[in-house]
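Here the structure is laid out as structure tokens; the discussion comes afterwards.
The values are calculated or read from the model by the stated rules, or taken from the named source; none is laboratory data. These figures come from a predicted structure and were not determined experimentally. Cβ: placed from backbone, ideal geometry, glycine included. Neighbour counts: every protein chain shown.
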Ligand SMILES: [Zn+2]
Ligand SMILES: [Zn+2]
Ligand SMILES: [Zn+2]
């Protein structure tokens, strides 16, 4: 038996632990910076964490409605932009969707690996490629504030089922 509890996403892991850790981290952050972690914001984060899949705003609205929350678009958009702004979630531009952040460090430039079959999204740090981007940008006199690299492909478990 292999112990894989420390890994995320494509790999088997203790998902209950990963969910509760992410919620706890968000709670701690909000307490520290005196931000409101409202029930709606928490719910949206929970929905994003649920399956490590990217969810579009409309899917989130549906799920909120099912959970008995207000499903008015501005309410959901505000909760999403709060989560993105504080690093609890990221926007996947390519999918026009959102994922929960699975890296505890709140200031990072992630790379996302998106499985085109099961739509699982896995986040990883992309230090070396960011350095390349920064260096290339600097040469052009451009100041990089944020990079979100997105890679599309087939995940480990989907390769096995082909
Ligand atoms: Zn998980
Ligand atoms: Zn992240
Ligand atoms: Zn897959």
| field | Residue in region 64-71 that is in contact (Cβ under 8 Å) with a residue 24 or more places away in the chain, loosely packed, with under 15 Cβ neighbours inside 10 Å and either farther than 25 Å from residue 157 by Cβ or within 16 Å of ligand 3 (Cβ to nearest atom) (or both) present | value | yes
| Among residues of region 98-124, those that are away from ligand 1 (no atom under 15 Å from the Cβ), within 18 Å of residue 23 (Cα to Cα) and surrounded by fewer than 17 Cβ atoms within 10 Å (Cβ to Cβ), counted | 3
| Residue under evaluation residue 46, criteria (1) in contact with a strand residue (DSSP E or B) (Cβ under 9 Å, 6 or more places away or on another chain); (2) closer than 17 Å to residue 27 by Cβ; (3) crowded, with 19+ Cβ neighbours inside 10 Å, criterion not met | (3)
| field | residue 95 being within 16 Å of ligand 3 (Cβ to nearest atom), closer than 27 Å to residue 157 by Cβ and surrounded by 13 or more Cβ atoms within 10 Å (Cβ to Cβ) | value | yes
| query | Taking the stated definitions as given, is residue 160 out of contact with any strand residue (DSSP E or B) (no Cβ under 8 Å at 6 or more places or on another chain), under 19 Å from residue 87 (Cβ atoms) and at pLDDT below 85? | reply | no
| task | Starting from region 1-26, take each residue that is farther than 15 Å from residue 101 by Cβ and part of a loop (DSSP other than H, G, I, E, B) and list its partners that are more than 16 Å from ligand 3 (Cβ to nearest atom) and modelled with pLDDT under 80, counting only C-beta distances under 7 angstrom and pairs at least six apart or across chains. | result | 11/4; 12/4; 13/4; 13/5; 14/5
